[in-house]
Amino acid sequence: MLRYDNYFIPKTLKEYFELTTKVKDCRIVAGCTDILPWAREGRGGEVFLKNVVDVSRIKELNVFNFGTKKILLGAATNYQKLFLDKKIRKSLKVLPQVSVWFADDQIRELATLGGNIVNASPAGDGMPALLTLNTNVTIAKFKNKKIIKEKMPLEKFVRGRNKVALKNNDILVNFEVENTDGYGACFEKVGHRRSLVISTVCVSSLVKLNNNKFQDIRVAVGGVCEVPTRLSKTEKFLKGKSIDENNIYAASMLDLDVIKSRSRREYRKEVLQNFIIRSILKSLGKNNVEETIQRFDNKVKSQMESTYV
């Protein structure tokens, strides 16, 4: 059971900093989708938080601005909005795909994009997709009685397992992502169960074509290393090359050393390679994805058999 003495709901950053400067021992929450299950009897037992500060109503954390090149998403944007919004479905195609895997409708209505990133879980679904969107984050600090905002790349904001660039009462405000209208997109994920899956491996891909060549390609992975990361070797190899199955297969083997998990390494390696291939092919709009992967598998088996003959 979760209990608390005070539950505060500031409406602006000014209110938030005034509150958290005066009131100590605060727990900052947004959707509470992690705290409530943890506090449920039988999981976390009796949980007491003296002061809870709910930031989900802060105006600056709920921005939603679309530009032709950049799009601003407030940190309090929930995953259901990412799933349903028509503008997002057109210009940020990968985010609805992340959302449909994220959880069920009830959890998506509460879970926030900012909360998912601030948790900095290696298995978090949001970060690989945001990495492929070349995301910058804005954080707000309170210094000398002034609110100071600082922008930084997402990969610098997340610094390790459950570690982010926030100190004291700093707060994540928004995400500035690239408008990827015209890109194909895909998000692939696997876990230990079929519903409400926690990622064992997840991959996000974005692809833009020009004259049957990869004009731009972005691939990021999560679940296999401490911090989700872009697959730079894969991207560099494919950029400018023709849309060819052999090129895609060759690229899929270049970044498998990114896996840092101590368990099930061979399984993760096989899944990651297949996900890289699958996500790129789906981003290209290919319909024969499974047949292509099976053909690659047969090719590998044939090579292995000839080696041992």
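222 nm [θ] for the chain, helices only, -39500 (n - 2.57) per DSSP H run of 4+, per residue, to 500?
After summing the helix terms and dividing by residue count, I get -10000 deg cm²/dmol.
Relative to the present Cα-Cα distance, how much length would full extension add between LYS87 and PHE64 at 0.36 nm per residue of separation?
Extra length available between LYS87 and PHE64 comes to 7.2 nm.
Using 0.36 nm per residue of separation minus the Cα-Cα distance, give me the extension gain between TYR7 and ARG264 in nm, one decimal.
Taking 0.36 nm per residue and subtracting the Cα distance, the gain is 88.2 nm.
Straight-line reach from LYS87: which aspartates and glutamates fall under 17 Å, measuring Cα to Cα and dropping same-chain residues less than 8 apart?
GLU176, GLU178, ASP181
For a quick check: sort SER263, SER99, SER279 by the number of other beta carbons within 10 angstrom, fewest at the front. Don't skip to the end; give the middle numbers.
On the way: SER263 7, SER99 25, SER279 29.
Sorted ascending by nearby Cβ count, the order is SER263, SER99, SER279.
Using the Cα atoms of segment 199-296 to build a convex hull, what is its mean projected area in square nanometres?
Spelled out: convex hull of the Cα atoms, projected over all directions, averaged, 5.8 nm².
Tell me, TYR79, TYR183 in order of fewest to most beta-carbon neighbours within 10 Å? Before the final figure, lay out the partial values.
Working: TYR79 29, TYR183 23.
With the sparsest Cβ surroundings first, the list reads TYR183, TYR79.
Do the alpha carbons of any pairs in LYS213/LYS236; LYS11/LYS146; LYS189/LYS282; LYS22/LYS50 sit beyond 23 Å of each other, and which pairs?
none
With label points built 7 Å along Cα→Cβ from the Cα atoms of VAL23 and LYS156, find their separation and express it in nm.
Taking the simple label geometry, VAL23 and LYS156 are separated by 3.3 nm.
Treating the chain as a set of equal point scatterers at the Cα positions, no solvent, please give the Debye-formula log₁₀ I(q)/I(0) at q = 0.13, 0.15, 0.16 Å⁻¹.
One equal scatterer on each Cα of the chain leads to -0.95, -1.20, -1.33.
Mind listing the long-range amide H neighbours of ILE28? Cut-off is under 5 Å, sequence gap 5 or more, other chains count too, H placed in the peptide plane at 1.01 Å from N.
Long-range HN contacts for ILE28: VAL53.
Could you please rank CYS202, CYS225, CYS32, CYS186, placing first whichever residue has the fewest other Cβ atoms within 10 Å of its Cβ? Let's see the in-between values first.
Details: CYS202 30, CYS225 15, CYS32 18, CYS186 24.
Listed from fewest to most nearby Cβ atoms, that is CYS225, CYS32, CYS186, CYS202.
So for the chain, averaging the separation of alpha carbon pairs under 8 Å that are six or more residues apart and normalising by length, what relative contact order in percent results? Don't jump to the answer; show the numbers that get you there.
Values: 624 pairs, mean separation 43.6, N = 309.
Computed value for the chain: 14 percent relative contact order.
Can you compute the equivalent ellipsoid semi-axes for segment 59-178, i.e. the square root of 5 times each eigenvalue of the Cα gyration tensor, sorted largest first and rounded to whole Å?
Sorted largest first and rounded, they come to 23, 16, 13 Å.
Using the eigenvalues of the Cα gyration tensor, what equivalent ellipsoid semi-axes result for segment 141-280 when each is taken as the square root of five times the eigenvalue, whole Å, largest first?
31, 21, 13
Among the listed pairs LYS141/LYS163; LYS93/LYS239; LYS81/LYS143, give every one whose C-alpha distance is greater than 22 Å.
LYS81/LYS143
The numbers here are math on the coordinates, done by the rules we state, and not lab data. From a predicted model like this one, the values you see are computed outputs, not experimental measurements. No Cβ is skipped: glycine too gets one built from the backbone with ideal geometry, and neighbour counts run over all protein chains shown.
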